[in-house]
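This report refers to the structure that appears directly beneath it.
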Amino acid sequence: MNCRSDLNVKGLSVTIVFCIALAANVEAQSGPGKGYANIPNGAYSVVAEVRAKPGKAGELRAATLPLVALVRSDPKNLVYFFQEDREAPGHLIFYEIFATQADFEAHNNMPYVKAWFAKLPALADGGVTTMRMEVLQSPGKY
């Protein structure tokens, strides 16, 4: 991005603000999550939760945090949030959106997701509970 300016200091300041805003907009449209405009009506949404076994919250968190970058780098992932209950450490919630159920199932078959699931018997109390939903929105609205 070319933000060069031959203006005076005050003009340069305005140019820099414009360039920062433009760069932020470009990143919001092309970075992880890709913006609401890329979420189709009827998209496949999942809210999942897992609870750590007593004394395993830190280990479960550490085993799960690498998933954030991996899932968000998947071109079929539209939204991915990993959260932890502030009042109950070790109670983890995932919010994910994929365009289709097939995209979500392909995600679950990725080696890093399978490796994470393989760790759960030692770390999680009762496995993963999921709600599988459909994104509802007015056509053309975000």
* Structure fact -> Taking Lys and Arg as +1 and Asp and Glu as -1, residues besides Lys53 with C-beta under 11 Å from its C-beta add up to 0
* Got a sec to turn the phi values of region 47-55 into Karplus ³J(HN,Hα) couplings, 6.51 cos²θ - 1.76 cosθ + 1.60 with θ = phi - 60°, whole Hz, x for Gly and Pro? -> 10, 10, 9, 9, 10, 6, 5, x, x
* Net +/- balance of residues flanking Lys119 in space, Cβ distance below 15 Å, scoring K and R +1, D and E -1 -> +3
* Asked: Applying the Karplus parametrisation 6.51 cos²θ - 1.76 cosθ + 1.60 with θ = phi - 60° to the phi angles of region 113-123, what ³J(HN,Hα) value in whole Hz is obtained for each residue in order, glycine and proline being reported as x?
  -> 6, 4, 5, 5, 4, 5, 7, 4, x, 7, 10
* In whole Hz, what ³J(HN,Hα) sequence does region 95-105 give by Karplus (6.51, -1.76, 1.60; θ = phi - 60°), x for Gly and Pro? -> 10, 9, 10, 10, 4, 9, 5, 4, 5, 5, 5
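Every number in this text was worked out from the coordinates using simple rules, so none of it is lab data. The structure displayed is predicted, hence computed values, not measured ones. A quick note on method: Cβ atoms are made from the backbone with ideal geometry, for glycine too, and the neighbour counts reach across all protein chains shown.
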